[in-house]
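Have a look at the structure below, then the notes.
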Amino acid sequence: MIDSRTAFGVLAVTAMLVTYALEERSRWCVLGFAGACVLGAIYGFLQGAWPFGVLEAIWSLVAMNRWRQRSRLEAHAAAESTASRTPPRTLS
């Protein structure tokens, strides 16, 4: 029988795997991966495997940084796209 802590660990690692596989589809999947890494870190600390918990916490910070960078790039691209669609202003 699987105890609740093991089930939590399986859920965390499964979420990490799924969100990592989908990262290219959306920046929100990158954020989901960061959250799943936090869950993995919690699981590591609950198990008493603190090195695993520390490494997962670091992975969550790396993923958060990637999400921030991707958000900025997408916002910049959207601003450029809007600017290129705006007709030039004429002086009357």
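The values are calculated or read from the model by the stated rules, or taken from the named source; none is laboratory data. Everything numeric in this text was worked out from a predicted model, so none of it was measured. Glycine gets a Cβ as well: all are built from the backbone with ideal geometry, and neighbour counts include every protein chain shown.
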- line: The number of residues in region 39-61 that are surrounded by 18 or more Cβ atoms within 10 Å (Cβ to Cβ) and touching a Lys or Arg at 6+ places or on another chain (Cβ under 9 Å) is 1
message: Between a residue in region 2-20 that is among the β-branched types (V, I, T) and any residue that is part of a loop (DSSP other than H, G, I, E, B), which pairs come within a Cβ distance under 9 Å, given they are 6 or more apart or on different chains?
response: V10/I2
Test result for A15, aliphatic (A, V, I, L, M), part of a helix (DSSP H, G or I) and either more than 14 Å from the chain's Cα centre (by Cα) or farther than 23 Å from S4 by Cβ (or both): no
- request: Kindly indicate whether S4 is more than 17 Å from the chain's Cα centre (by Cα) and of a type in the set (S, T, N, Q).
  value: yes
task: Check region 62-70 and report whether any residue there is surrounded by 17 or more Cβ atoms within 10 Å (Cβ to Cβ) and out of contact with any Lys or Arg (no Cβ under 7 Å at 6 or more places or on another chain).
output: yes
statement: Among residues of region 49-88 being part of a loop (DSSP other than H, G, I, E, B) and either polar (S, T, N, Q) or modelled with pLDDT of 90 or more (or both), the residue nearest to V38 (Cα to Cα) is A49
